[in-house]
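Input: a single structure, listed below in structure tokens.
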Amino acid sequence: MNILSMVMGLLLIFACTFTLSLRKATVTQGVEKTYQAHLKASRKIQNSYESLCYRRMRGVKPKNPEGQATETPKKETRIEPLNLDCARLNLWPLVMDGAEKHPTLYEMAAQLLRSFYGSAFLNQQPRLEYHMLDAILAAANNEKSNASSVFLEKLALKDFHVKPLYTMQTLYYHMLRGTKKSAGDQSYPALLEYLMVENKKSSICIHHASIEMLSALFGPRAAHAIFHERQESETPLTVERVQDLCSQNGKIGLSDEFFELFDWQASRHHSSGHKTLVHEEADVCLKQKVFFSS
């Protein structure tokens, strides 16, 4: 009887040890796969950076004169052009003066949050995008001091009187992180590609805004019409032309103050000092801004 109990005990110990080891191996395998994909993507970006440096030393003009490059392997799915820095929405006036003095800018920022993250997690309760925006502005106001810009990725958000399923800081982390487009309906972009808080007068450059940015502001139908017009027409976009395209595609009621938040100049925003390189590897999409010596 004692021998049988000892054997059963040993078998139980072996079974528990095997189960724990198998679970640990499963978790480790996923982490290792992600780590290897990150290393490969990082090496691809480093190779692209070295190639760009070599071409600059030889005096070869870059393929993208706007200063932002997207490096994508030929065998992989093509990555859509990035939203350039000049096409980001600047929240600095809201941080300094408040939403009451800039209602159109406030509503535009809330619309961006609702469009990008509403279906993912901002639909947990009504007007959560406004509460999130208020939390971002409050945190940025605490960090502005005498600086000329505020780093959105360093903000610590408070929950105030809102009690969503997750804390504001958790939701904000996911917004900053973003997902790949292959995630399907639950995919959403990284917030830093579309918002900034900098002490300068800036407008959204209509000529360098990505299709995602245009869709968030004008709606999908009008955005594709604007994007197509920008790509195919040799005539620069104007306020009147964009208003016509919006009317033709069911986007009406946009105020003059809304269009004043855009930069309609056709001049290029050349920034030869840096580029943004992108590479996808397995489930990892790595974006890295690289800088060049003048």
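How would you rank 49-55, 82-88, highest first, on the average number of other Cβ atoms within 10 Å across their residues?
Most protected by this proxy first, the peptides run 82-88, 49-55.
What number comes out for accessible area per residue over the chain if the probe is 1.4 Å? Units Å², please.
Roughly 62 Å² per residue, with all protein chains present.
For the chain, which whole-number percentage of the solvent-accessible area (1.4 Å probe, protein heavy atoms only) is attributable to carbon and sulfur atoms?
Taking all protein chains in place, the chain shows 54 percent carbon and sulfur surface.
In whole percent, what relative contact order does the chain give with Cα contacts below 8 Å and a gap of six or more residues?
26 percent
Each label point is 7 Å from the Cα along the Cα-to-Cβ direction; what then is the distance between the points at residue 26 and residue 57, in nm?
Between residue 26 and residue 57, the simple spin-label model gives 5.0 nm.
Let me spell out the model: positive unit charges on the Cβ of Lys and Arg, negative unit charges on the Cβ of Asp and Glu, origin at the Cα centre of the chain. What dipole size does that give, in debye rounded to 20?
With only Lys, Arg, Asp and Glu charged at Cβ, the dipole is about 1280 debye.
Given only helices, namely DSSP H runs of n ≥ 4 each adding -39500 (n - 2.57), what is the per-residue ellipticity at 222 nm of the chain, to the nearest 500 deg cm²/dmol?
It comes out at -15500 deg cm²/dmol, rounded to the nearest 500.
Which value in nm describes the separation of the simple spin-label points at residue 125 and residue 186, placed 7 Å from the Cα toward the beta carbon?
2.2 nm
Under 4.7 Å Cβ to Cβ, no partner at all: give me those cysteines from the chain, in residue order.
16, 53, 246, 285
Among (1) 1.07; (2) 1.26; (3) 1.01, only one was calculated for this model; which label is it, if the read-out is Cα Rg over 2.2 N^0.38 Å?
Structure-derived value, by its label: (2).
Work out, step by step, the length gained on full extension between residue 14 and residue 198: first 0.36 nm times the residue separation, then minus their alpha carbon distance; give nm to one decimal.
Value of the extension gain: 60.2 nm.
The values are calculated or read from the model by the stated rules, or taken from the named source; none is laboratory data. If you're wondering where the values come from, they're calculated on a predicted model, not measured in any experiment. Methodologically, a virtual Cβ is constructed for each residue, glycine included, from the backbone with ideal geometry; neighbour enumeration extends over all protein chains shown. Accessible surface areas use protein heavy atoms only, side chains included; no ligands, DNA or RNA. Shrake-Rupley method; radii C 1.70, N 1.55, O 1.52, S 1.80 Å.
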